[in-house]
1. Tell me, what ³J(HN,Hα) does each residue in the range 680-689 have, in order and in whole Hz, if you take phi through Karplus 6.51 cos²θ - 1.76 cosθ + 1.60 with θ = phi - 60° and put x for Gly and Pro?
2. Going by a ≥ b ≥ c, the root eigenvalues of the Cα gyration tensor, does the range 28-115 fall in the rounded group (a/c under 1.5), the prolate group (a/b larger than b/c) or the oblate group?
3. Quick one: with all protein chains in place, what share of the accessible area of the chain is carbon or sulfur, to the nearest percent (1.4 Å probe)?
4. Hey, can you grab everything whose amide H is under 5 Å from the amide H of V168? Only 5+ residues off in sequence or another chain; H modelled, so Pro and N-termini drop out.
5. Which whole-Hz couplings ³J(HN,Hα) result when phi for each residue of the range 152-168 is put into the Karplus expression 6.51 cos²θ - 1.76 cosθ + 1.60, θ = phi - 60°, listed in order with x for Gly and Pro?
6. Do you know the relative contact order of the range 18-193, to the nearest whole percent, from alpha carbon pairs under 8 angstrom that are 6+ apart?
7. What's the extension gain from A511 to E88 if we count 0.36 nm per residue and subtract their Cα-Cα distance?
8. Apply 1/(1 + (r/R0)^6) to the Cβ-Cβ distance of Q467 and N307, taking R0 = 60 Å, and write down the FRET efficiency to the nearest 0.05.
Amino acid sequence: WGLLLLAAFLGGAAAARCPAPCVCDNLRAHVLCLNGSLVAIPDTIPELTKKLDLRGNSFSVIPAGAFLATPYLTHLDLQHCKVERLEEGAFRGLGRLVYLNLASNSIALLYQESLDGLSSLQQLILKGNRIEEIQPGAFGHLGSLTVLDLRANALVYLPDMVFQGLQVLRWLRLSHNTLHVLGSEAFAALPALRRLSLDHNELQALPGEALARLDGATRLDLGHNPITYVAEEALAMASLRHLFLDHAFLQDVAPDAFARSPQLRMLDLRENQLQGLPPLAGTGGLVRVSLHGNPLLCSCLLRPFHNWLARARVQAEGACAAPPALRGRTLDSLKPPEMRCSRLRPPPSPSTPSEKPRAAGSRRCPQGCVCSPDFHHGSCENRDLQEIPRDFPEDTHLLDLRRNTFRTVPPDAFPGLKELVSLHLQSCGIRTLQPGALRGLESLVYLYLTDNRLSTLAADAFEGAPQLAYLDLDRNAFTRVPAGAFQLLPNLISLHLQHNAIRELAEGDLAGARGLRWLYLTGNAIRHIAPAALAPAKMLEKLQLEGNHLVEVPTTALRGLSALSELKLSQNPIKRMGDGVFLPVASSLQHLYLDNMGLEQISPRAFAGLGPKIRSLYLESNKMSNIPNMSNFTGLEILNLQDVPFHCDCQLLPLHRWINKLNLHVGATCGSPAEARGLKVKLSTTFQTCPGWGRGEAGEANPEKTMAASKASKKKRSGKSPARGFNKSRA
């Protein structure tokens with residue numbers, strides 16, 4: 001109340017507007033309404049307030065325009081306010097706000113316009129909500145954001161481009177969610193990111209493809225994820241210096257796992273199940289490796305790693321768990337002659353230095369395998385097994401059988417594993433998945449059959465696994481989609497059939513896949529897609545067809561895909577694009593990839609129907625002679641026009657003006673005339689001699705008129721009628 005009296009003295013009439021039960025400090029322009037009974041945002045808060053603290057109230061909904069009366073706010077705290085929903089435009093008018101704290105509420109969904117109007121926001125705290133889904137574009141208006149905190153929510157997957165618009169974001173915090181799957185471009189368009197926190201999630205493998213987008217990130221936290229193995233060249237992050245993979249389930253790390261992260265300085269592998277490491281190739285800058293809490297077997301098998309530590313001058317923290325004579329000895333105290341092997345043995349389990357018959361009453365686990373009661377994981381990876389072992393604990397959640405030689409998976413191959421969620425069968429030489437092979441796996445969600453020799457699947461191959469949602473069949477020998485195999489998979493969300501030899505998509509191939517959202521067909525030989533081939537997958541959101549043999553956009557096949565938001569046609573030999581080729585998906589499409597196709601001609605109305613919804617458009621490395629007018633693409637976050645040899649004459653003036661207004665890095669470069677070659681289209685001075693150049697704003701306000709004038713001028717000179725659009729023709 002002392003503050004209130006002071007405010008009344010200093011603020012005069014403004015203090016009289018301070019709503020009960022708030023305290024207003026007009027000297028510092030602060031208003032505090034803490035732990036009260038407010039159920040709506042007060043409309044009598046002084047207009048000049050800069051900091052507003054509303055913690056501990058009960059708002060439920062933040063309506064549109066809730067803060068229009070306080071346009072000078074720089075800090076807003078809404079923690080513990082029982083907020084369930086942010087209406088579109090809730091923060092409109094807060095163009096000066098730099099800090100927004102919405103932690104510890106009950107927000108479940110971020111709508112596309114929920115955060116509209118926060119153009120100056122630098123920190124957004126959403127920790128401790130119930131966010132399950134983020135609609136693409138939710139962060140599109142936050143161009144000044146540097147810290148985004150999404151810890152302790154309910155995120156299961158991140159779709160591609162979900163963080164579009166965050167051009168200066170430096171720290172993204174996603175810890176303590178339940179993330180299983182990351183889209184390959186989930187972190188695209190984050191050029192300034194330096195730190196990414198993904199610890200305490202459910203990632204079962206290093207999301208290398210998604211992380212490769214983060215060229216500038218220096219710190220990555222992946223601890224407390226059920227990752228069992230770091231594969232060859234799994235991490236390609238050019239600037240990464242600190243990597244945390246602690247408290248995971250690591251059993252093996254490939255020698256060149258980090259070879260494509262040459263700046264790595266510190267590697268934290270504490271509290272895993274590593275019995276040793278190989279020499280780590282390509283890590284010349286590594287200074288420290290932490291191995292505390294691993295069951296290190298300091299035998300002759302560890303000598304190469306120990307010798308490498310000395311040569312590379314890398315400090316290793318950790319102690320031997322076996323053999324008994326060396327138990328407790330630190331790695332840096334060991335001498336090579338002490339690290340002996342009495343005879344060759346199979347790799348022991350983490351609890352003992354060698355494989356021995358288990359005592360009566362011990363937890364069951366197949367001979368030669370490792371079973372973890374704490375993580376509910378079982379692993380027989382790379383044990384040269386020819387038959388699938390049995391007798392795993394019934395509460396096993398993840399089973400890793402990679403790199404064996406099973407050839408076939410027989411019926412009832414996994415008895416008693418009703419709680420199994422994730423099954424890894426990569427690189428096992430599997431030719432046949434027999435009917436009923438998965439029978440009894442009623443909780444199975446993830447099935448990985450990558451790098452096998454499957455060429456067909458029986459209709460009842462997936463009998464008994466009705467919850468299967470993620471199916472990975474990349475790099476097998478399929479020449480067509482295994483029609484009928486998905487009838488028993490009503491919950492299938494993601495289907496990977498990349499890098500097979502599929503020649504076409506026929507009607508009926510996807511029968512039964514009514515819940516399919518992501519279809520990956522990259523790197524096949526697809527020449528034709530039947531008009532009704534995709535019809536069963538009406539919920540499809542992502543379709544990746546790059547690297548096939550399509551010669552035209554499959555417009556007819558796209559009909560009925562009203563939810564499609566991403567279409568990749570890169571690296572198909574499509575030379576010409578006609579009118580309205582994307583009309584069937586124009587109402588939903590947000591990300592379109594048309595790069596590296598050798599595209600020579602784009603019809604003036606090729607992009608008919610597309611507009612503000614488009615967030616990213618990739619047209620680089622093509623040969624087109626014109627670019628249609630895209631002035632209505634007002635929502636663009638990414639536009640790539642690199643390696644297109646633009647002819648920077650007056651017909652390109654509308655494009656020059658348009659990309660200048662975009663305030664995006666588009667990479668458009670002049671290929672001619674000679675005096676402009678190599679210059680950015682934005683910077684070329686060749687346009688200064690064009691009719692209308694001096695009109696400035698008038699020309700920019702109506703680019704079509706400028707373009708028409710340019711064409712008329714060209715027509716007079718050449719006697720020809722040039723095509724409509726942003727033309728780069730020399731004619």
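1. Calculated HN-Hα couplings, in order: 5, 4, 4, 9, 5, 8, 5, 7, 5, 9 Hz.
2. Verdict is oblate for the range 28-115.
3. Carbon and sulfur atoms account for 51 percent of the accessible area of the chain.
4. L145
5. With coefficients 6.51, -1.76 and 1.60, one gets 6, 10, 10, 5, 9, 9, 10, x, 4, 6, 5, 10, 4, x, 8, 5, 10 Hz.
6. 13
7. 148.5 nm
8. 0.80
The values are calculated or read from the model by the stated rules, or taken from the named source; none is laboratory data. All values reported here derive from a predicted model rather than from experimental measurement. For neighbour counting, all protein chains shown are included, and Cβ atoms are generated from backbone atoms with ideal geometry for every residue, glycine included. Just so you know, the surface numbers come from the protein's heavy atoms only, side chains and all, with ligands and any DNA or RNA stripped out. Shrake-Rupley method; radii C 1.70, N 1.55, O 1.52, S 1.80 Å.
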